[in-house]
Structures are given as structure tokens and as C-alpha cells.
């Protein structure tokens, strides 16, 4: 196989791994910013404003000739996408993470592949055949991933010490003992709603790209509409000027990083990969982010890594490989079917009877080949 063929097959995997590192950074710095008192309503507005300013010039230039015409149906879909992700998902996520911590929220988000897979099946966007091994692998991988995530959430176990965490255990045990259970439970429910909104966003984004196949323009529209909608919510919730004032500090860094990396670039890359592999493939990489956040959180935020999270992470990786294997087989089967269909179209004029003239066959061949 040529280098181009290998790169074409590996590129979606590398893109999604890159995004997980980007999301992991957002988890860590956003928790640090929220703990310092920044309003999550303000953060969402600034995040989407920066994302829109970053991605819009690229959309205007690179898709100036290929941008589809905006219809009322597509505009309503964009408004729904902006409501689901920038407004609902991001606000619920920040509220949930503020009441828990970065490691917990990233672990909880591992129900996203299972939720997306189930919703995709219910909406008939994902096909399963229980008799085929690839479908069995997807179902088993989803269940195993969910079990691993639940284990990380429900079972802590003893703290695992690393070189950089020595001497911190007593400090964190005091913090854990004083944790407000009510706020923790509220945070869990907020994260659950955030995950549901993100899953719905993935599915609607996949559907919208079929009628509006311009990834950059769609990303720009989502960010702009997300800025407008979240701005309206923010003005209602934070009607004084003080929460909106930020300087050259961690709050500005969080808004800029989240806007450019996790909204602008992430929406665009997800759209490209989603057109090729589908929404389940995109969400299947979330467990990798959990592992990265667990490591970074223990170093930067001094969060504990427990045995339950280590075991759960191992189980999640096993489920992840099973789910991705099933999705890769789906992709190969689809490519094989497409090649057979194209071959059938090319051979159709040749199989006509002798009563059809050769020049008619030539015209038919030209007409069938795009």
C-alpha cells in the first residue's frame, strides 16, 4: 500500500487523538479558572466569540466558491446546533465540573460513546446486525466502555502514589472529607445533561453536513449563533459589569484556548471525520481524554489518582478498541460496497444486447461516470 493510502487510513485516528489532547488541556485550565471565581456564563460567551473570530476568516476564504446556499431548514438546524453545544452543553459542563473536578468530569464523559451509539441506533443513523461480528464488537465495546466509566465513578479504592504526588495524600483526604455531597450530586446531574446535549449535537451535526456540506462555514455559523444565544443567557444571569471584565490572565487564556482549540478547530475536525466515519467513531475516542486528564490533573491540579480509576481506565481502553474495531469494519464494508456499485455501473453498458449500438453504449458510459 502506498504512503498516501496509509495516511488516508491513519489520518482520522490521528485527528481524534490530537483533539483529545486539546480537550484535556481545556478540562484542566477551565477547572482552575472556575475555581478562581470566573462565571461560566461569561466564559461560554467569550469562548464562542473568540472561536467565531478565529474560524470565520478561513470559512470566508476557503469556501467562498463552494459554500452552499443558506436555506431556512439549514438555518434552523444551525440554531439548534448552537443551542445544544455552545449554550446547553458548555454551561452544563462548566457547572458540573465546578462542583466535581476535572478527573471526574472527564471520566463521566465516557458514557458519551454509549449514549451516542444508542441514540444513533434509535434514530436509524447507525445500522447493526447482531449476526455480524462487527456489530457484536460495537455493542460489546460500548457496554465494556460504560462499565469501565461507571467503575471509575462509583469505586475509588486506595490512592495510587506517583513520584509527583508524594506528600499530598493527607491534604487531599481533608478536602475529600469536607466535600459537599449535595453539590457533588448536582454536578453529576449537570454532567449527565451536558453529555446528552453533546451526543445530540454530534448526531445533528452529522445530519446537517449532508444538506450543508461546508465544514468551515458550518463551524463559523455555530460559533456565531452560539455567541449570540449564550450572550443573551449571560446578560440575564450576569447583569452587572464586574463578571464581564477580564484582563491578561488565566481567564483570558481559558477563553482563548477553549474558543480556538475546543470550539473552532474541534468543530471543524469533527465535521470532517464525521462525514467519513460517522458520529460514533468520533465519540469513541473520549476515553483517551480521560486518561490524559487524570495524569495532568494529578500534576497540575494536585488531584488524586485512585485504584478504581486506574482499573476503570484499563477496562475502558479494552472497550474502546472493540468499538473502534467494529467501526473500522463498517468503514471497510461500506467502501467495498461502494466499489462494487461503481464497478456495476461501469460494466452495465457492456452487458447490453447486441441490438444496442456501440455509440449508445459509449454515451451511457459517459453519463454514468460523474
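The values are calculated or read from the model by the stated rules, or taken from the named source; none is laboratory data. Note that the coordinates shown come from a computational prediction; the quantities given were computed from them, not determined experimentally. Here the Cβ is made from the backbone with ideal geometry for all residues, glycine too, and neighbour counts use every protein chain on show.
Residues that are surrounded by 22 or more Cβ atoms within 10 Å (Cβ to Cβ) and either more than 12 Å from residue 250 (Cα to Cα) or under 17 Å from the mean Cα position of the chain (by Cα) (or both) within the stretch 43-55 comprise 44, 45, 46, 47, 48, 51, 52, 55, listed in sequence order. Every condition in (1) under 19 Å from the mean Cα position of the chain (by Cα); (2) modelled with pLDDT of 80 or more is met by residue 321 except one, and the failing one is (2). Right, residue 332: within 23 Å of residue 133 (Cβ to Cβ) and at pLDDT below 80 or not? Considered against the rule, which asks whether it is within 23 Å of residue 133 (Cβ to Cβ) and at pLDDT below 80, residue 332 comes out as yes. Restricting 143, 122 to residues that are closer than 20 Å to residue 277 by Cβ, surrounded by fewer than 16 Cβ atoms within 10 Å (Cβ to Cβ) and modelled with pLDDT of 80 or more narrows the list to 122.
Is it the case that residue 6 is at pLDDT 90 or above and under 25 Å from residue 215 (Cβ atoms)? The answer is no for residue 6. With respect to the conditions (1) within 21 Å of residue 191 (Cβ to Cβ); (2) out of contact with any helix residue (DSSP H, G or I) (no Cβ under 9 Å at 6 or more places or on another chain), residue 90 lacks only one, and its number is (2). If you check 26, 70, 38, 16 for being touching a helix residue (DSSP H, G or I) at 6+ places or on another chain (Cβ under 8 Å) and over 22 Å from residue 291 (Cβ atoms), only one passes: 38. Among residues of the stretch 98-111 being closer than 16 Å to residue 189 by Cβ and under 17 Å from the mean Cα position of the chain (by Cα), the one that is surrounded by the most Cβ atoms within 10 Å (Cβ to Cβ) is 107.
On the given criteria, is residue 232 out of contact with any strand residue (DSSP E or B) (no Cβ under 8 Å at 6 or more places or on another chain), surrounded by fewer than 15 Cβ atoms within 10 Å (Cβ to Cβ) and in a helix (DSSP H, G or I)? Answer is yes for this residue. A residue that is loosely packed, with under 12 Cβ neighbours inside 10 Å, modelled with pLDDT of 85 or more and more than 22 Å from residue 313 (Cα to Cα) occurs nowhere in the stretch 153-169.
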